[in-house]
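So the structure is just underneath, and the comments pick up after that.
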Amino acid sequence: MIEHVWTVICSRVVVDQESNNLSIQNVLERVTIPGEPIPETLVPMPFEVVTMLTRADREEPVRGSMRMQMLFPSGKVFDTREADIAMTRHTTYRVRNRFSGLPIAEAGRHVFTVELRNAGEEQWRQVAAVPLMILLKPPEEESTVGEPKVLGESESV
């Protein structure tokens, strides 16, 4: 049986070539974007959703599938990605889902769900729901009053 260990949303992942360990950079919990909601628009901000899986029985090879979905606050599915999982030689497995930008159709709590299914099973089982709060901040209106100036000390002649 495949087990979920963790799922993280981050801006970048670096894999050490010697140890194969990950460095997860800038874990994302909340993002503030200037502007109004715009359907079917992505803000160019690359990010990744990384998942670590393991075998429940370390001695028994296992195969299956993983499905990750990004859901808008309304519950509408923005993106679905699936991956075949084969843990025959190794006891752990990582899945990296890379995104080129954030959708700004809706502000609020977006959720990345992770579901697993072992080989031969028909039903998916949800193992994680990781939130990402996307806040949309209206652009600042230009003031009719100028910015205050800071004056330095005058020099004596």
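A few remarks follow.
- Sole exception among (1) more than 18 Å from Ala129 (Cβ to Cβ); (2) open to solvent by 20 Å² or more (accessible area, probe 1.4 Å); (3) touching a residue at least 40 places away in the same chain (Cβ under 8 Å) for Met87, by number: (2)
- In region 63-84 there is at least one residue matching the filter, namely being surrounded by 14 or more Cβ atoms within 10 Å (Cβ to Cβ) and among the hydroxyl-bearing types (Ser, Thr, Tyr).
- Every listed requirement among (1) modelled with pLDDT under 95; (2) in a strand (DSSP E or B) is met by Met52 save one, (1).
- Residue in region 79-88 that is in contact with an Asp or Glu (Cβ under 8 Å, 6 or more places away or on another chain), assigned to a strand (DSSP E or B) and under 14 Å from Phe112 (Cα atoms) present: no
- In region 9-37, the residues that are of a type in the set (A, V, I, L, M) and open to solvent by less than 80 Å² (accessible area, probe 1.4 Å): Ile9, Val13, Val14, Val15, Leu22, Ile24, Leu28, Val31, Ile33
The values are calculated or read from the model by the stated rules, or taken from the named source; none is laboratory data. Note that the structure is predicted; figures quoted are calculated from it, not measured. Neighbour counts run over all protein chains shown; Cβ positions are idealised from the backbone, glycine included. Keep in mind that these areas ignore ligands, DNA and RNA; they rest on the heavy atoms of the full protein, side chains included. Shrake-Rupley method; radii C 1.70, N 1.55, O 1.52, S 1.80 Å.
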